[in-house]
Amino acid sequence: MSETEADGEGKLALGIDLGTTSVKVVVYARNRGEIIAKQSKDTQANVPSDLGIDGNKQDVPKILSAVHSCVSRLPKDLLRQVTTIGVCGQMHGVTLWKCQPPPHDNEKTFKLEIDKTQVSHLYTWQDSRCDSNFLKSLPPSSSHLPIHPGYGCATLFWFARNKPEKLAKYNRCGTVQDLMVNLLCGTEDVAMSYQNAASFGYFLTEEGRFEVEAMEKANFPVELLPKRILRAGETAGHLGHTWFGVPAGVPIGVALGDLQCSVFALLKGQDEAVMNISTSAQLTYVHPDFRGEAGDSGSIEYFPYFGGEYLAVAASLNGGNTLASFVKMLQQWTMDLGFSVPQSRVWEKLISLGQEDSAVSSMRIEPLLLGERHDPHKTASVTGISLDTLHLGTVFRSLCSGVIQNLHSMMSQEILKKKGIKKIVGNGSGLVRNPVLQKEVQHWYKLPLELGHSGDAALGAAIAGVASE
């Protein structure tokens, strides 16, 4: 579609997704119900942690720079027609910043940025500095959601006890998408959605508030928490400056969770479930409340969705990251042997070999390199090794099977059937680009698999943002 074809076709929405490894932006034409422009960029924001493998943090200015780059490459004729902005991003993690008066730069030079001295790193959902002993030392929560490593409140408790001087540098906190919305609006107060607040921990969804009394007694820095907690679709503020043609004053919806937005963009009916495999892996369906039913696995959790509903979520820490680790291992082995093979070539060969019928075997791989939230001490293991299972394609097929079998152990085929689920919608680059994983989804769940499309979370954010106009 040309830049001018959208003229007169209705108002446009800008959707932005701050993912774990990349940023995606879309322009959505609501009357056509389709994406008419999109951009994406890898953030390359990971920063080495002084805690080694227990820490996982990212450079926030790099993430914001990736957003700025993506929006700058969108057609200006379309951006001038944008009437609402929706933002989502990776859940659970936390960043801290020092709120400052909004800049008075010329509107044409407005940039989405923050000085490195005014913002901490993003401590992501993969950060595991809070081990089981530390979590046991935290005050009990009345929330229906337990506290896990990588959750914002757990990480802030850790800093309060171990590095309080870092907290003293800042006066605000939130997810990285909350920070982005705050910068776009140029306001001093921070708004947070029910979705992101629940992913932070210590949040009572029925009352719409953090458990500040219990947290304060345990010396949690409650003064950092966002004061405005909004429902999905509500307005966090308005764009403070013209931004690559997007008019100043455009309403910006409160930042949302990327999983909720992906599901929002993909689901067409209550009889569908969504499986997302990108860095991690999730299987989810819409549920009327946060109270589980008899037979539910203890690994299923219920996160706020839209319209008062919840998502029943089986969330694994081990998804595309496990497969990527296997590819990096093979690549390192070839280098140790004196050869150099590009990762793209390794992926291509693995997928080709793994699709063959001969790759199916009795070998079982539990790919739990990162443990799981409900069992953090779990490690990876391989069983059923024999002479006829040592082929590369067989090992890769077993690894892909293990990723899906792990999800199945959390949310089984029987649970989906009990809920009346008749189809799985697949999402995330780890699943969409990997036919071997797709075969294993159908093997374990015996349900039709329909693949989504790129930028689903950004699309969901754009559609949800319409309600904030």
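Readers should treat all values here as calculations from the given coordinates under stated rules, not as data from a laboratory. These figures come from a predicted structure and were not determined experimentally. Positions of Cβ are generated from backbone atoms using ideal geometry, with glycine treated the same way; all protein chains shown enter the neighbour counts.
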Discussion item. Longer than 25 Å from Cα to Cα, which of K62/K98; K349/K423; K98/K163 are they? Say none if no pair is.
Written reply: K349/K423
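Expressed in nm², what is the orientationally averaged projection area of the convex hull enclosing the Cα positions of the chain?
Values: hull surface 91.3 nm².
Average projection, Cα convex hull of the chain: 22.8 nm².
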Worksheet entry | Antiparallel bridges, percent of DSSP beta bridges restricted to the chain (to nearest 5) | 70
Worksheet item: So what's the angle, to the nearest 10 degrees on a 0 to 90 scale, between helix 435-445 and the longest Cα principal axis of the chain?
Response: 80
Item to complete: Under a cut-off of 16 Å between alpha-carbon atoms, report the aspartates and glutamates in cross-link reach of K439, not counting same-chain residues fewer than 8 places apart.
Response: E356, D357, E450
Worksheet, complete the sentence: Taking only the alpha-carbon positions of the range 124-232 as identical scatterers, the Debye log10 I(q)/I(0) at q = 0.14, 0.20, 0.21, 0.24 Å⁻¹ comes out as -0.53, -1.12, -1.24, -1.58
Practice prompt. Per residue, how big is the convex hull around the C-alpha atoms of the range 68-169? Give it to me in cubic angstrom, could you?
Written response: 163
Worksheet item: Hey, what angle do you get for helix 320-336 against the long axis of the chain, alpha-carbon based, 0 to 90 degrees rounded to 10?
Response: 60
Worksheet entry | Rg(Cα)/(2.2 N^0.38 Å) for the range 243-350, N = residue count | 1.54
Worksheet entry | Whole-Hz ³J(HN,Hα) from phi, Karplus 6.51 cos²θ - 1.76 cosθ + 1.60, for the range 84-91, glycine and proline x | 7, 10, x, 10, 9, x, 4, 8
Worksheet item: Under 21 Å from the Cα of K418, which lysines turn up, not counting those fewer than eight places away in the same chain?
Response: K268, K446
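On full extension of the chain, what length is gained from D289 through V360, given 0.36 nm per residue of separation minus the C-alpha to C-alpha distance? Display every interim value, and only then the final one.
Values: separation 71, 0.36 × 71 = 25.56 nm, distance 3.97 nm.
Using 0.36 nm per residue and subtracting the Cα-Cα distance, I get 21.6 nm.
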Response to the item:
Counting only DSSP beta bridges fully inside the range 170-319, the antiparallel percentage to nearest 5 is 90
Worksheet item: Alpha carbon centre of the range 250-280 versus the range 176-248: separation in Å?
Response: 19
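To the nearest whole percent, what portion of all C-alpha pairs in the range 367-469 is separated by more than 19 angstrom?
58
Rounded to the nearest 20 debye, what is the charge dipole size of the chain about its Cα centre when +1 sits on each Lys and Arg Cβ and -1 on each Asp and Glu Cβ? Walk me through the numbers on the way to the answer.
On the way: 44 positive and 49 negative charges, 83 e Å.
Its charge dipole is roughly 400 debye.
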Discussion item. At q = 0.14, 0.16, 0.18, 0.26 Å⁻¹, what log₁₀ I(q)/I(0) does the range 234-304 have when each alpha carbon counts as one equal point scatterer in the Debye sum?
Written reply: -0.64, -0.75, -0.85, -1.23
Fill in: Qualifying GluC sites (Glu not before Pro) for the range 344-399 [loop in DSSP, other Cβ within 10 Å: at most 15]
E356
Discussion item. From the mean inverse distance of alpha carbon pairs (Kirkwood) and the Cα radius of gyration, derive Rg over Rh for the range 284-333.
Written reply: 1.26
